[in-house]
1. If amide H atoms are built 1.01 Å from N in the plane of the peptide, which residues on other chains or at least 5 residues away come under 5 Å of the amide H of TRP123?
2. What number comes out for the charge environment of VAL158, summing +1 per Lys or Arg and -1 per Asp or Glu over other residues with Cβ under 11 Å away?
3. Mind ranking 120-127, 19-26 by how tightly packed they are, going by the mean number of other C-beta atoms within 10 angstrom, highest first?
4. Which whole-Hz couplings ³J(HN,Hα) result when phi for each residue of the stretch 154-171 is put into the Karplus expression 6.51 cos²θ - 1.76 cosθ + 1.60, θ = phi - 60°, listed in order with x for Gly and Pro?
5. Could you tally the net charge around GLY200, taking each other residue with its Cβ under 14 Å from the Cβ of GLY200, Lys/Arg +1 and Asp/Glu -1?
6. With θ set to phi - 60°, apply the Karplus curve 6.51 cos²θ - 1.76 cosθ + 1.60 along the stretch 197-204 and write out the HN-Hα couplings as whole Hz, x wherever there is a Gly or Pro.
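Where a number appears in this text, it was derived from the coordinates with a stated rule and is not lab data. Since we're looking at a predicted model, the values are computed, not measured. Cβ sites come from the backbone with ideal geometry, for glycine too, and all protein chains shown count toward neighbours.
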Amino acid sequence: MLGIALIVGLCVLAVFAVMLLRRFRETQRLHAALIASATELERVANTDALTGVANRGAIAAQFKQLLAQSQSGAHALAVLLIDIDHFKKVNDHHGHLAGDAVLRDAAQRMCTVLPESARFGRWGGEEFIAILPDIEPAEVSAIAERVRAVVAATPFHVDDAELSISISIGVATAPRPERRGIDRLIATADAALYRAKHAGRNRVEVG
């Protein structure tokens, strides 16, 4: 009887152990799914749904982080404020779907020529922003010119039409950006962008 009791007890323990193992594995699976879900939600929350680049909230948060980091040393920083020229005409003449296609294509083109360290996102409407950390002021104009050129280089294909699209860029540089703050840097870049627009568009102006 004692032997039978031991065998039954061992069987019960074995079944219990299997159940615990299954529960542990299920818990691990659910935990991994929750992490993946949270990561995806964060990605969606920080991404512009149309263009796939960072949205305004995400790029503003990155901007603040870079300014905070610059306070620990003399890390130069530059801002490129980018606007698609005559974008309203694209929507008016070809429709909003064509305008959306131009925004997506332009964003992807710009990404290809920006440095890997750059933070790039959609600032609003047809306006984009690139933040270049740890960069020499002498390099900024050349990078901005590459961004301008890659958009203007080849026509945009929208349905059966070929559209010539250009951008204007306003640049602000700051050897010690923490002394200027986000608002002042954006204001400087915006003023330079305004000059680029009034000087004929499809150009880079440095503030």
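1. Answer set, sorted by chain and number: PHE128, ILE129.
2. Numbers: positive: ARG104; negative: ASP100, ASP105, ASP159, ASP160, GLU162.
Charge balance in the 11 Å sphere: -4.
3. Values: 120-127: 18.5, 19-26: 10.0.
Ranked from most to least packed, the peptides come out as 120-127, 19-26.
4. Whole-Hz 3J(HN,Hα) from phi for the stretch 154-171: 10, x, 8, 8, 10, 6, 9, 9, 10, 10, 8, 10, 10, 10, 10, 10, x, 10.
5. Working: positive: ARG148, ARG195, LYS197, ARG201, ARG203; negative: ASP83, ASP85, GLU205.
In short, +2.
6. 5, 7, 8, x, 6, 6, 7, 10
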